[in-house]
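Worksheet: the structure to be examined is printed underneath.
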Amino acid sequence: LAIETWTPLISHTTGSGDPSFLFDAAKPVAKIDLSWNRLEFDMTRIRFAHHLNYLDLSHNNIKGSVAKSPKDVNLEFFNASYNDLCGEIPTDRYMAYHGPHCYIHNKCLCGSPLPPLQEWLMEIIS
C-alpha cells in the first residue's frame, strides 16, 4: 500500500467541519495537516494510523482530551496547540517526545510536559 499524505487544500478557512473520516488506525496516512481551520470535533475518540508521522491540528476548535492513541504512533511532528482541549496529557511511549509548545493555549490541559498549573499561570502573568 502506498502511504498517502493529506493536507487541506485550503487552510485559514472560516467554515467548520468534521474531518474524523481521515482518522482510522487502518488508513495508510503519513501526514495530516489540518492547522488554521475552524474544525470542531472531539479528539478523545480519534484513532490514529500507525504510519502517521506528522500531525498538525493547531489553531482549531478541537474539544475533548488529547487522544491516547498517539502514544503508539511514532510522530516526528505533533502540534495540538490553540484548541479547546482539556484533561491530562498522555505520557506513555511516544508522547513523551513532544514538548510543551505542542499543547499551549488550550482550554485546560495539564500534566507533563506542561509545568504545574500554578507555575504555568505565573509564567503567563509575568
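Are there any pairs, at least 6 apart or on different chains, whose C-beta atoms fall under 9 Å, with the first in segment 100-126 and among the charged types (D, E, K, R) and the second modelled with pLDDT under 85 and assigned to a loop (DSSP other than H, G, I, E, B), and if so, which?
Listed pairs, sorted by first residue: Glu123/Pro115.
Take segment 2-54 and flag every residue that is assigned to a strand (DSSP E or B), among the acidic types (Asp, Glu) and at pLDDT 85 or above.
First pass over segment 2-54, keeping only residues assigned to a strand (DSSP E or B): 4-6, 29-33, 42, 54.
Checking the rest, the ones that are also among the acidic types (Asp, Glu) come to 4, 33, 42.
Result: Asp33, Asp42.
Among (1) within 12 Å of the chain's Cα centre (by Cα); (2) at positive phi, there is one condition Arg93 misses while meeting the rest; what is its number?
(1)
Report the residue count in segment 30-42 for those that are surrounded by 21 or more Cβ atoms within 10 Å (Cβ to Cβ) and touching a strand residue (DSSP E or B) at 6+ places or on another chain (Cβ under 7 Å). Even if it seems obvious, please write down each step before you answer.
Taking segment 30-42 first, the residues surrounded by 21 or more Cβ atoms within 10 Å (Cβ to Cβ) are 32, 34, 37, 39.
Among the residues that remain, those that are also touching a strand residue (DSSP E or B) at 6+ places or on another chain (Cβ under 7 Å) are: 32, 34.
Within segment 30-42, residues that are surrounded by 21 or more Cβ atoms within 10 Å (Cβ to Cβ) and touching a strand residue (DSSP E or B) at 6+ places or on another chain (Cβ under 7 Å) number 2.
Quick check on my filter: what residues within segment 81-97 are in contact with a strand residue (DSSP E or B) (Cβ under 9 Å, 6 or more places away or on another chain) and not in a helix (DSSP H, G or I)?
The answer is Asn83, Asp84, Leu85, Cys86, Gly87, Glu88, Ile89.
The values are calculated or read from the model by the stated rules, or taken from the named source; none is laboratory data. Since the structure is predicted, the reported quantities are computational estimates derived from the model, not experimental observations. Because the Cβ atoms are built from the backbone with ideal geometry, glycine has one as well, and the counts that use them run over all protein chains shown.
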